[in-house]
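Below is one structure, written out as structure tokens; the observations come after it.
Every number here is computed from the coordinates shown, using simple stated rules; none is lab data. Keep in mind it's a predicted model, so treat the numbers as computed, not measured. Backbone-built Cβ (ideal geometry, glycine too); neighbour counts: all protein chains shown.
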Amino acid sequence: MRNSNGFLYKPIHRVFFILIFVASLTGIGLASGSSSITPPPNSPSPFVANYLTKAADIVFAVQFAGTYLLYLIVLAHRAEIPQVEHRLLLAIAACAPFVAARLAYGLLFAFTDDLRFNILVGSTIIYFFLSVLTEIIAVGISVVIGLSLPAPTAYSSITKH
């Protein structure tokens, strides 16, 4: 199912990956820039969502959707992927609900006036379960599955020398 170079016959065009990468950088830039905007004087908290925070959350939501659309495309071609790498597809599927919960927490903070979702004055229980724990679990799943993969054969000859 692979050509002579070892690549898939029907590769996903790199423009999709570039768009996901640019969306990541844009979201990070918007989120970083949002900290320079001073909160309104009558704000219940010194950390409130402003228009840059909201824009960053929208960009991250679009990026999440695009990433998992690419995942579904790759999943449709899983017969062309080496069997040992199918665990990576499993890792992505296992991490998806935790990343979605973290994204939902950010969207609730940005687009609702509910102070329970505010990072500074909100509920620490909600913050822990929807933000901190979800990130720890997603990273843990990724690390465990990633480190359990055997070394690629192309690199194994390099590391032996």
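About the Cα centre of the range 42-140, what is the dipole size in debye to 20, counting +1 per Lys and Arg Cβ and -1 per Asp and Glu Cβ, all else neutral?
Once rounded to the nearest 20, the dipole reads 60 debye.
What do the square roots of 5 times the Cα gyration tensor eigenvalues come to for the range 14-160, in whole Å, largest first, as semi-axes of the equivalent ellipsoid?
Equivalent ellipsoid of the range 14-160: 36, 17, 14 Å, largest first.
Could you sort 28-39, 51-62, 75-86 so that the peptide with the highest average Cβ count within 10 Å comes first and the rest follow in order?
Highest-to-lowest ranking by the protection proxy: 51-62, 28-39, 75-86.
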